Amino acid sequence: MLKSFRAAVTLSVMTLTALGTSSALAAPLKVVASFTVIADFAKNVGGDRVSITTIVGPDGDAHVYEPSPADAVAMAGADVVLVNGLHFEGFLQRLVDASATKAAIVTLTKDVTPIDFKPEFADADAAEGAGKTVTDPHAFQSIANARIYVKNIAEAFCAADSEGCVGYQTNAAAYTKKLDALEGEVKAAIQSIPEEKRVVITSHDAFGYFEHEYGLTFLAPQGISTDSEPSAADVAKLVNQVKQDKAAAMFIENITNPRLIEQIASETGIKVGGTLYSDALSQPDGPASTYIDMMHNNIAQIKGAILGS
Ligand SMILES: [Zn+2]
């Protein structure tokens, strides 16, 4: 009995020794990601060494999200908290305060060149500040920026877990190669659309960086946040522009109520072209459960609606 117990102990010590060249035995790095896109990047960089909790889940709207007590618990226990910044997560400061987390709060847009939001339809209303320039927070819709997020995640993981650093950097480099390939596909897809047809309508202005990077114009009755309803005048103005045939297609977004887009569709006779994933990935069994699939889905929807293919 005692002998077999000793044998078992010896065996498990040997197993541990075999596993343990580095800190592979340590508990995984506890990472909180503010929303699904960041969680996907973090998974690609962190692999098995990290366990990730996502605050705003699939199809969720970070602009208006209300944190739960479980979110505060996850924040309190985190080693690293990854956020977008640029006021994308309206709930962030409240949650940081409520959780009293000691984790590093890493803002992934810190080396991104921010672009200003120029309202075309949405009035500079109370939410966005009359006449005030507002920074567009949706930087992740540019793949060039996605590479910056990934680099920042690798640096944050290295700072929190130096023994895993080589692995994080290797993973980040491999994933960055996939992003490079994706960028080529997105550019080619937009180039295949005749220039005069590169205008589409969505419900809120989530695609400013995509527009800036790839040359497709997005019009939206709501501004860069979803926290206010567009005015009747904004909607009428958009309907007029659509009737002058300046927009080639119209899309609903996975995070917003489709009612407004359906109203504009019925007033203009333009068919709704499908769903674009703007501020969140889909459920795991949906068409956009990773960042790369989100981009594939969006360019396929846009090309399909405009070119009919
Ligand atoms: Zn948004």
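The values are calculated or read from the model by the stated rules, or taken from the named source; none is laboratory data. Predicted, not measured: the structure shown is a model, and the values here were computed from it. FYI the Cβ positions are ideal-geometry reconstructions off the backbone, even for glycines, and counts take in every protein chain you see. Ligands, DNA and RNA are excluded from the accessible area calculation, which covers all protein heavy atoms including side chains. Shrake-Rupley method; radii C 1.70, N 1.55, O 1.52, S 1.80 Å.
If only the Cβ of Lys and Arg carry +1 and only the Cβ of Asp and Glu carry -1, the dipole of region 55-119 around its Cα centre is close to 180 debye. Normalised by 2.2 N^0.38 Å, with N the number of residues, the alpha-carbon radius of gyration of region 46-97 equals 1.15. In region 154-173, which residues have a backbone nitrogen under 15 Å from the label point lying 7 Å from D48's Cα in the Cα-to-Cβ direction? What the label zone holds, given the 15 Å backbone N cut-off, is 164, 167-168, 171. Using a 1.4 Å probe on the protein chains only, how many percent of the accessible area of region 139-219 belongs to carbon and sulfur? Answer for region 139-219: carbon and sulfur cover 52 percent of the accessible area. Please identify which residues in region 292-309 have an amide N closer than 20 Å to a label point set 7 Å out from the Cα of E196, following the Cα→Cβ vector. Label zone hits: 303-309. For the residue pairs K110/K303; K110/K178; K43/K110; K178/K271; K237/K271, the alpha carbons lie more than 26 Å apart in K110/K303; K178/K271. One decimal place: the segment A300-K118 gains 62.9 nm when fully extended, by the rule 0.36 nm per residue minus the C-alpha distance.
The alpha carbons of region 42-198 occupy a box of 52, 40, 26 Å along the principal axes, longest dimension given first. Seen from K187, the other residues with C-beta closer than 12 Å to its C-beta sum to a net charge of -4, counting Lys and Arg as +1 and Asp and Glu as -1.
Computed extension gain for A232 through L307, at 0.36 nm per residue and net of the alpha carbon distance, reaches 23.9 nm.
For I261, the shell of other residues with beta-carbons less than 14 Å away shows a net charge of -4, using +1 for Lys and Arg and -1 for Asp and Glu.
Beyond 16 Å, what share of the Cα-Cα pairs of region 210-304 remains, rounded to the nearest whole percent? Every Cα pair in region 210-304 considered, those over 16 Å come to 58 percent. In the context of the full set of protein chains, residues of the chain present 47 Å² of accessible surface per residue (probe radius 1.4 Å, heavy atoms only).
A crude spin-label estimate for the pair K187 and C165, with each label 7 Å from Cα along the Cβ direction, gives 3.3 nm. When the distances between all Cα atoms of region 139-220 are binned every 10 Å from zero, what whole-number percent does each bin get? Per 10 Å bin, starting at zero, the Cα-Cα P(r) for region 139-220 comes out as 17, 37, 25, 15, 5, 0 percent.
Looking at the chain only, what percent of DSSP beta bridges run antiparallel? Nearest 5 please. Antiparallel: roughly 10 percent of the beta bridges in the chain.
Within the chain, all pairs of alpha-carbon atoms sorted by distance into 20 Å bins from zero give the percentages 31, 51, 14, 4, 0. For D59, neighbours were defined as the other residues whose beta-carbon sits under 11 Å from its Cβ, and their charges (Lys and Arg +1, Asp and Glu -1) total -3.
Taking amide H as placed 1.01 Å from N in the peptide plane, the amide H of S203 sits under 5 Å from that of E253, each at least 5 places away or on another chain. Placing a label point 7 Å from the Cα of V64 along the Cα-to-Cβ direction, the residues of region 272-292 whose backbone N falls under 17 Å of that point are 278-280.
Per-peptide packing, taken as the mean over residues of other Cβ atoms within 10 Å, places 287-295, 137-145 in the sequence 137-145, 287-295 from highest down.
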